[in-house]
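What follows draws every value from the coordinates through simple rules; no lab data is involved. Quantities reported herein were computed from a predicted structural model and do not represent experimental measurements. Virtual Cβ from ideal backbone geometry, glycine too; neighbours counted across all protein chains shown.
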Amino acid sequence: MSTECALDALQALANPARLLIFRTLMRHEPDGLYAGALGERLGMRHTTLSNHLAVLSRAGLICGSREGRNVRYRACVEGMQALLGFLLKDCCEGHPEACVQLQTAETSQAMCECAAEVPAHPRKRSN
């Protein structure tokens, strides 16, 4: 993964709504969600959701597939793996054995627990 692609992915995930969309789609892997169901689940208007989905898709973090009149969105696990690989590439000064703890079952469990924390509806911002 190039630095430019990594920056695109990180920038896409830096938005709270897009991070919520991505985490929700990760939670629903491998089946994904139809755009309408995703919008209802997150309480987002169609145009807002569509814009966020486009940014995540361009960043290689999600993909959509047309099924009749609907589009089913899925998290692109390979895209996230590429991003994590890019971030960890130079970990521990080129001694990957020192980074083994990043790949342990406990870390995987913690990641799953974090995914389970995804709320059904995003918080509404107060003005």
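Have a look at THR48, THR24 and point out the one that is polar (S, T, N, Q) and within 21 Å of GLU78 (Cα to Cα).
Going through THR48, THR24 in turn, just one is polar (S, T, N, Q) and within 21 Å of GLU78 (Cα to Cα): THR24.
State all residues of the stretch 42-98 that are among the acidic types (Asp, Glu) and closer than 17 Å to ARG23 by Cα; if no residue qualifies, say none.
Once the filter is applied, which keeps residues that are among the acidic types (Asp, Glu) and closer than 17 Å to ARG23 by Cα, the stretch 42-98 yields only GLU78.
Which pairs do you get when a residue that is within 18 Å of LEU61 (Cβ to Cβ) and in contact (Cβ under 8 Å) with a residue 12 or more places away in the chain, found in the stretch 27-44, comes within reach of a residue that is part of a helix (DSSP H, G or I) and among the small types (Gly, Ala, Ser), reach meaning Cβ atoms under 9 angstrom, with the pair 6+ apart or on two chains?
So the pair list comes out as ARG27/ALA115; ARG27/ALA116; ALA35/SER50; LEU42/ALA17; MET44/ALA17.
Out of all the residues in the stretch 34-42, is one or more buried (at least 17 other Cβ atoms within 10 Å of the Cβ), assigned to a helix (DSSP H, G or I) and among the basic types (Lys, Arg)?
Yes: one or more hits.
Count, please, the residues in the stretch 6-33 that happen to be assigned to a helix (DSSP H, G or I) and touching a helix residue (DSSP H, G or I) at 6+ places or on another chain (Cβ under 8 Å).
Qualifying residue count, the stretch 6-33: 17.
Take the residues in the stretch 32-90 that are among the small types (Gly, Ala, Ser) and more than 16 Å from the chain's Cα centre (by Cα), then tell me which one is nearest to SER2 (Cα to Cα).
SER65
Would you confirm whether or not the stretch 62-77 contains a residue that is free of Cβ contacts under 8 Å to residues at least 60 places away in the same chain and part of a helix (DSSP H, G or I)?
Yes, there is a match, as at least one residue in the stretch 62-77 is free of Cβ contacts under 8 Å to residues at least 60 places away in the same chain and part of a helix (DSSP H, G or I).
For a quick check of your reading of the model, give me the residue pairs whose first member lies in the stretch 48-60 and is among the small types (Gly, Ala, Ser), whose second is in a helix (DSSP H, G or I), with beta-carbon atoms closer than 7 Å and at least 6 apart or on different chains.
Cβ pairs passing all conditions: ALA59/ASP8; ALA59/ALA9; ALA59/ALA12; GLY60/CYS5; GLY60/ALA9; GLY60/GLY79.
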